[in-house]
Amino acid sequence: MQGNAALLKDATKVLAQTSRTFIIPISHLGPGLREAVTAGYLSMRAIDEIEDHETLPKEDKISLLQSISILLNQTYTEEDFTSLFAPYVKELPEVSLRMTDWIKLAPQQTKELICRYTATMAHGMAEWAIKNWNIQNKEDLDDYTYYVAGLVGIMLSDLWTLYGENDVNKDQSVAFGRGLQLVNIISNRSEDSERGVNFHPPGWSFEEMLDYARQNLKIAESYTSRIQLDPIYNFCKIPLALATGTLDAIVSGKSKLNRISVLKIVSGAVR
């Protein structure tokens, strides 16, 4: 069995491959919380990679996501997941295939909530795959972004509370996840369009989508400003600052932030 230190090192490597936004603030979290957030992030990233997979048939995505949701809501074995993923070992990335490793990394008191929120996310993703990601209005957009990102904010809020943060506004935490997701949707519109998906409600202009993203980021800023513990504050503040900078870059005609801009934003965000 892989030791916890070796597993954390492994998980950090995979984290670096999957998220340039979160690798820095996660690395500065204290013992226990760092493992918990890494486990939670990678577990949710595991199912996100299935939902977003470019070549996996929609029916397979639905079946996998539904099965993951069921397994995580019960006492599963590693063999359950090995068997589930067996037909897809060549298609799915490491972060998905090693889902049980990430949950093993989580401190004992956090495993249940990580499994519960990841199961809820997988179920919601499957439902939206069944609907062919057909977003018709703001309510649909809110529902979709709740499942794929708002739940991240709620899970994190529970983890913050477990590790000593006393003033967490869980209602606002949905906007934390949603705001970041809306920036991704705006940034990735052309790529999404190429695979036949459009997350912009019909009739919404670029300006309306931009305004809605900024509304949610403003609520997320309020959520973050209440946080007292510096490592948790920085964890939240860095991705928010990068998201705001990305929107500003897009408005000015750039596709993304360059490395110098990222470093400048990160250094200006931490306290």
Query raised in the report: For segment 208-271, rounded, prolate or oblate, judged on the Cα gyration tensor with a ≥ b ≥ c (square roots of eigenvalues), a/c < 1.5 rounded, else prolate if a/b > b/c?
Result: oblate
Report summary line: Given 129-141, 255-267, 146-158, the highest-first ranking by average Cβ count within 10 Å works out to 146-158, 129-141, 255-267
Requested in this report: Using only Cα atoms, locate the centre of segment 1-70 and the centre of segment 109-180, then give the distance between them in Å, rounded to an integer.
Outcome: 15
Report summary line: Highest GNM mean-square fluctuation among THR55, THR118, THR145, for the chain with Cα springs under 10 Å, belongs to THR55
Query raised in the report: Based on DSSP H assignment, which helices of the chain show an axial Cα extent of at least 18 Å together with a mean Kyte-Doolittle hydropathy greater than or equal to 0.0?
Result: 4-18, 33-51, 58-72, 170-187, 230-251
Query raised in the report: Is the shape of segment 135-271 rounded, prolate or oblate, going by the alpha carbon gyration tensor and its root eigenvalues a ≥ b ≥ c, with a/c under 1.5 for rounded and a/b larger than b/c for prolate?
Result: oblate
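Using only the Cα atoms of the chain, build the gyration tensor, take square roots of its eigenvalues as a ≥ b ≥ c, and label the shape rounded, prolate or oblate: rounded if a/c is under 1.5, else prolate if a/b is larger than b/c, else oblate.
Since a/c reaches 1.5 but b/c is at least a/b, the shape of the chain is classed as oblate.
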Query - Label zone at ARG259 (point 7 Å along Cα-to-Cβ), backbone N below 16 Å, segment 2-25 - result: 17, 20-21, 24
Query raised in the report: Among LYS13/LYS111; LYS237/LYS264; LYS170/LYS237, which pairs are too far apart, with a Cα-Cα distance over 18 Å?
Result: LYS13/LYS111
Query raised in the report: How large, in Å, is segment 17-147 by the Kirkwood hydrodynamic radius built from its alpha-carbon pairs?
Result: 15.3
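A short reminder: the numbers here are calculations on the coordinates, not readings from a lab. All figures in this text were calculated on a predicted structure; none of them were measured in a lab. Quick reminder, even Gly has a Cβ in these numbers, built from the backbone with ideal geometry, and neighbours come from all protein chains shown.
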